[in-house]
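Notes follow once the structure below has been shown.
The values are calculated or read from the model by the stated rules, or taken from the named source; none is laboratory data. If you're wondering where the values come from, they're calculated on a predicted model, not measured in any experiment. Ideal geometry is used to build each Cβ from the backbone, glycine not excepted, and the neighbour counts take in all protein chains shown.
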Amino acid sequence: MEAIGGECAGALSLYPEEQRPPSHTEDDIEVLDDAKLRDILELLKKHPLLAGEDKMRLSLAGAQEKMAVGFQNGKVALIKGVTPTTHILKLLIEHVTDSVYNELFCMRLAKKVGISTPTTTLHFVGDIPCYIVERYDRERAKDGSVTRIHQEDFCQAMGISPEIKYEREGGPSVESCQNILSVHSAKPAADQLRLLEMIIFNYLIGNADAHGKNFSLLYKGTKPELAPAYDLLSTAVYPNLSEKMAMKIGGKYRPEDVFMRHWHRIVPNTKAAKTNIEKQLHRLAKHTLEQALILKEEFHKDGLKFPVVDDICTLIGERSKRI
Ligand SMILES: Nc1ncnc2c1ncn2[C@@H]1O[C@H](COP(=O)(O)OP(=O)(O)OP(=O)(O)O)[C@@H](O)[C@H]1O
Ligand SMILES: [Mg+2]
């Protein structure tokens with residue numbers, strides 16, 4: 001915490017008791033050339049948190065190698081001191097083939113079907129592909145200054161330890177997340193609908209890793225709202241990853257066990273709510289598949305031809321048909 005707590009997810013900055021946050025200086029931002037960035041990425045593999053390395057900090061939760069950075073005009077910058085970072089850079093995950101392209105595809109697809117997502121970029125450092133996502137917990141003013149906005153994920157909101165983030169271990173469920181939104185959100189009805197769309201979308205793309213730390217609440221005003229979608233990855237295209245979904249849908253962990261009656265169970269027990277989720281399911285099943293095929297073509301035009309993208313489209317086709 002001492003080494004990396006100055007820049008966390010959300011607005012918290014943690015410093016040792018006797019230490020005051022350093023004041024802002026111009027050399028807080030160091031634009032990196034490819035050689036330096038490559039060195040840092042190598043280092044990141046050895047020291048995942050980059051703690052203690054030349055004041056670099058990275059204190060974001062999650063299993064993947066990632067780095068909080070600045071990114072402007074196609075250049076990655078290292079941010080030191082008190083200046084907030086604005087982007088997150090992720091590398092390929094070992095044993096998860098082409099994960100960078102998978103996440104890029106899923107995030108862009110979500111945007112296409114109307115789910116709010118931060119802007120994503122594919123960036124190359126030499127031949128190393130990096131996935132760069134804009135931070136939704138940062139706000140840039142007209143003068144270029146950046147403010148931190150607080151966020152907490154659903155595990156934090158419920159006081160659930162990250163070690164038990166999956167529902168089967170005692171982590172958040174669809175129902176408990178919806179309950180948090182209904183009680184605490186600034187826009188309960190709209191946010192509950194947004195969460196429902198995210199859950200249906202994750203089912204369609206085969207993201208079985210949508211656990212309680214992959215949804216967050218964002219404190220733009222005094223009351224929180226559901227944060228944009230992030231960490232969207234089709235895990236079901238990889239035979240080596242767990243098929244079990246992070247949260248049950250109407251009592252079922254396995255996608256093939258989910259029928260319409262199970263979807264009905266994740267909404268209030270009224271005729272209107274059931275009709276509504278059926279409508280959402282049919283709309284998203286059709287729309288997501290259509291947009292996936294369009295996005296695949298766009299990827300091809302940009303020279304991005306990856307079997308993983310074909311596999312995701314095939315999977316969406318199957319799940320869509322199932323719905
Ligand atoms: N675009 C973003 N803006 C702000 N915060 C983000 C963003 N993306 C991720 N985060 C925060 O960083 C944390 C880790 O990011 P992410 O979930 O993408 O990483 P991960 O390593 O893939 O996680 P997992 O352990 O779920 O695989 C998230 O839980 C969230 O709090
Ligand atoms: Mg995550």
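Structural remarks
- Residue count for the range 3-44 under the criterion of being assigned to a loop (DSSP other than H, G, I, E, B) and more than 26 Å from the chain's Cα centre (by Cα): the result is 12.
- Qualifying residues in the range 94-146 (those that are aromatic (Phe, Trp, Tyr) and more than 16 Å from ligand 2 (Cβ to nearest atom)) - the one surrounded by the most Cβ atoms within 10 Å (Cβ to Cβ): Phe105
- Subset of the range 194-211 [under 20 Å from Tyr238 (Cα atoms) and either assigned to a helix (DSSP H, G or I) or within 13 Å of ligand 2 (Cβ to nearest atom) (or both)]: Ile199, Ile200, Phe201, Asn202, Tyr203, Leu204, Ile205, Asn207, Ala208, Asp209, Ala210, His211
- For the range 222-252, filtered to residues that are of a type in the set (Val, Ile, Thr) and more than 16 Å from the chain's Cα centre (by Cα), the residue that is nearest to Ala11 (Cα to Cα) is Thr222.
- Residue check, Ser176 touching a helix residue (DSSP H, G or I) at 6+ places or on another chain (Cβ under 8 Å), more than 14 Å from ligand 1 (Cβ to nearest atom) and not assigned by TED's automatic domain parsing to the domain that holds Val76: yes
- Residue tally, condition more than 19 Å from Asp98 (Cα to Cα) and among the charged types (D, E, K, R), over the range 266-307: 7
- Here Gly81 meets the list (1) touching a residue at least 40 places away in the same chain (Cβ under 8 Å); (2) under 24 Å from Asn240 (Cβ atoms); (3) out of contact with any Leu (no Cβ under 7 Å at 6 or more places or on another chain); (4) not β-branched (Val, Ile, Thr) almost entirely, failing just condition (2).
- Residue match in the range 234-244 (condition: of a type outside the set (Lys, Arg), within 11 Å of ligand 2 (Cβ to nearest atom) and within 23 Å of Val113 (Cβ to Cβ)): no
One line per residue, one yes/no per condition, for (1) outside the structural domain of Arg265 (by TED's automatic domain parsing); (2) within 10 Å of ligand 1 (Cβ to nearest atom); (3) hydrophobic (A, V, I, L, M, F, W, C):
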position	(1), (2), (3)
Tyr101	yes, no, no
Leu109	yes, no, yes
Gly126	yes, no, no
Pro129	yes, no, no
Tyr166	no, no, no
